[in-house]
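Colleague: Can you read through this structure? Questions will come right after.
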């Protein structure tokens, strides 16, 4: 059974710092990996999707990498801002939305 | 454009009571699903539907019922609430069920407490 782990569970950094969030998964037979953002009292919003054949995806200050063979992904946030404060979740899929497996998330706080 | 709308946002139930969480989407999405989110755990799939009249079980279906009579609506029914069903419930939809091309749109969640 696929297990997805995100460490640390919580992270607090000063504004302007570059940071890395980690995601690991036990079964490397994935089709894609997504990073989501969740704000308090809100649903999840997809940030980046990496296909298994890709190594990384970038969107603005966000860069996600994928090492399928080692079962790891990282989300790099450059020049963090207080508005980046949220919980970040990763999810892996074998191809269908109904087989998606989520990590528990990392709660990020960026202090002004 | 409302997206995915969930009601109610908050609900308190007593053990043994039944209730229905409502989910509606206005994007003509074929795929709809229900998740529960518990502290320290990732979202877990309860039930999903790939189109009107078609539903299937996810990872944690016990104690929950769904139906999909229209494309827009996908209600989740708790038949006899138990304290273990205290959780935050999310409805999500997408234009198709292939995860590589059909990103999920989530509702804001419904927080349920069972006493």
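The values are calculated or read from the model by the stated rules, or taken from the named source; none is laboratory data. Keep in mind the model is a prediction, meaning the values are calculated, not measured. Ideal geometry is used to build each Cβ from the backbone, glycine not excepted, and the neighbour counts take in all protein chains shown.
Colleague: List the strands (runs of 3 or more DSSP E) inside segment B:28-96, counting only whole elements, that have at least 1 residues being within 10 Å of the chain's Cα centre (by Cα). Please lay out each step first, then the result.
Modeller: Working: elements: B:31-37, B:44-51, B:54-57, B:64-66, B:76-78, B:87-94.
So the answer is B:31-37, B:44-51, B:64-66, B:76-78, B:87-94.
Colleague: Continuing with this model, one more query. Out of A:45, A:58, report the one residue that is closer than 23 Å to residue B:106 by Cα, away from chain B (no Cβ under 14 Å) and free of Cβ contacts under 8 Å to residues at least 24 places away in the same chain. First the steps, then the outcome.
Modeller: Details: A:45 fails: away from chain B (no Cβ under 14 Å).
Going through A:45, A:58 in turn, the sole match is A:58.
Colleague: Restricting to segment B:50-76, give me the number of residues that are surrounded by 14 or more Cβ atoms within 10 Å (Cβ to Cβ) and farther than 12 Å from residue B:30 by Cβ.
Modeller: Qualifying residue count, segment B:50-76: 14.
Colleague: On the phi < 0 side of the Ramachandran plot, free of Cβ contacts under 8 Å to residues at least 60 places away in the same chain and in contact with a strand residue (DSSP E or B) (Cβ under 9 Å, 6 or more places away or on another chain): is that true of residue A:11 in this structure? Spell out the reasoning first.
Modeller: Details: on the phi < 0 side of the Ramachandran plot: yes; free of Cβ contacts under 8 Å to residues at least 60 places away in the same chain: no; in contact with a strand residue (DSSP E or B) (Cβ under 9 Å, 6 or more places away or on another chain): yes.
In short, no.
Colleague: Within 14 Å of chain B (Cβ to nearest Cβ) and either under 14 Å from the mean Cα position of the chain (by Cα) or surrounded by 14 or more Cβ atoms within 10 Å (Cβ to Cβ) (or both), is that true of residue A:8? Spell out how you get there, then give the answer.
Modeller: Numbers: within 14 Å of chain B (Cβ to nearest Cβ): yes; either under 14 Å from the mean Cα position of the chain (by Cα) or surrounded by 14 or more Cβ atoms within 10 Å (Cβ to Cβ) (or both): yes.
Yes: the conditions hold for residue A:8.
Colleague: Of the residues that make up segment A:83-104, is at least one within 14 Å of another protein chain (Cβ to nearest Cβ), assigned to a loop (DSSP other than H, G, I, E, B), modelled with pLDDT of 95 or more and out of contact with any helix residue (DSSP H, G or I) (no Cβ under 7 Å at 6 or more places or on another chain)? Spell out the reasoning first.
Modeller: Going residue by residue through segment A:83-104, those that are within 14 Å of another protein chain (Cβ to nearest Cβ) are A:86-104.
After this cut, where a residue has to be assigned to a loop (DSSP other than H, G, I, E, B) as well, the list is A:94-95, A:100, A:103-104.
Then keep just the ones that are modelled with pLDDT of 95 or more; that gives A:103-104.
Then keep just the ones that are out of contact with any helix residue (DSSP H, G or I) (no Cβ under 7 Å at 6 or more places or on another chain); that gives A:103-104.
Checked against the condition, which is being within 14 Å of another protein chain (Cβ to nearest Cβ), assigned to a loop (DSSP other than H, G, I, E, B), modelled with pLDDT of 95 or more and out of contact with any helix residue (DSSP H, G or I) (no Cβ under 7 Å at 6 or more places or on another chain), segment A:83-104 yields at least one hit.
Colleague: Suppose the filter is assigned to a loop (DSSP other than H, G, I, E, B) and either closer than 19 Å to residue B:72 by Cβ or away from every other protein chain (no Cβ under 14 Å) (or both); does residue B:2 pass it? Outline the logic, then answer.
Modeller: Details: assigned to a loop (DSSP other than H, G, I, E, B): yes; either closer than 19 Å to residue B:72 by Cβ or away from every other protein chain (no Cβ under 14 Å) (or both): yes.
Taking the combined requirement at face value, the residue satisfies it.
Colleague: Please enumerate the residues belonging to segment A:11-42 that are within 12 Å of another protein chain (Cβ to nearest Cβ), under 19 Å from residue A:69 (Cβ atoms) and assigned to a loop (DSSP other than H, G, I, E, B).
Modeller: A:30, A:31
Colleague: Let me ask something else. Hey, could you check segment A:61-71 for residues that are surrounded by 17 or more Cβ atoms within 10 Å (Cβ to Cβ) and at pLDDT 95 or above and say which is farthest from the other protein chains (Cβ to nearest Cβ)? Give the derivation first.
Modeller: The initial filter retains those residues of segment A:61-71 that are surrounded by 17 or more Cβ atoms within 10 Å (Cβ to Cβ), namely A:62, A:64-66, A:68, A:71.
Filter once more, keeping what is at pLDDT 95 or above: A:62, A:64-66, A:71.
On the way: A:62: 15, A:64: 14, A:65: 18, A:66: 13, A:71: 15 Å.
It comes out as A:65.
Colleague: Among the candidates B:94, B:67, single out the residue that is touching a helix residue (DSSP H, G or I) at 6+ places or on another chain (Cβ under 8 Å) and either in contact (Cβ under 8 Å) with a residue 40 or more places away in the chain or more than 9 Å from chain A (Cβ to nearest Cβ) (or both). Explain how you work it out, then say what you get.
Modeller: Values: B:67 fails: touching a helix residue (DSSP H, G or I) at 6+ places or on another chain (Cβ under 8 Å).
That would be B:94, the only listed residue that is touching a helix residue (DSSP H, G or I) at 6+ places or on another chain (Cβ under 8 Å) and either in contact (Cβ under 8 Å) with a residue 40 or more places away in the chain or more than 9 Å from chain A (Cβ to nearest Cβ) (or both).
Colleague: Restricting attention to segment B:97-111, and to residues there that are facing chain A (nearest Cβ under 7 Å) and in contact (Cβ under 8 Å) with a residue 24 or more places away in the chain, which single residue is farthest from residue B:60 (Cα to Cα)?
Modeller: Step one: list which residues in segment B:97-111 are facing chain A (nearest Cβ under 7 Å), which gives B:97-100, B:102-104, B:106-109.
Subsequent filtering for residues that are in contact (Cβ under 8 Å) with a residue 24 or more places away in the chain retains B:97, B:102, B:104, B:106-109.
Numbers: B:97: 19, B:102: 23, B:104: 19, B:106: 19, B:107: 19, B:108: 20, B:109: 17 Å.
Checking each candidate, the answer is B:102.
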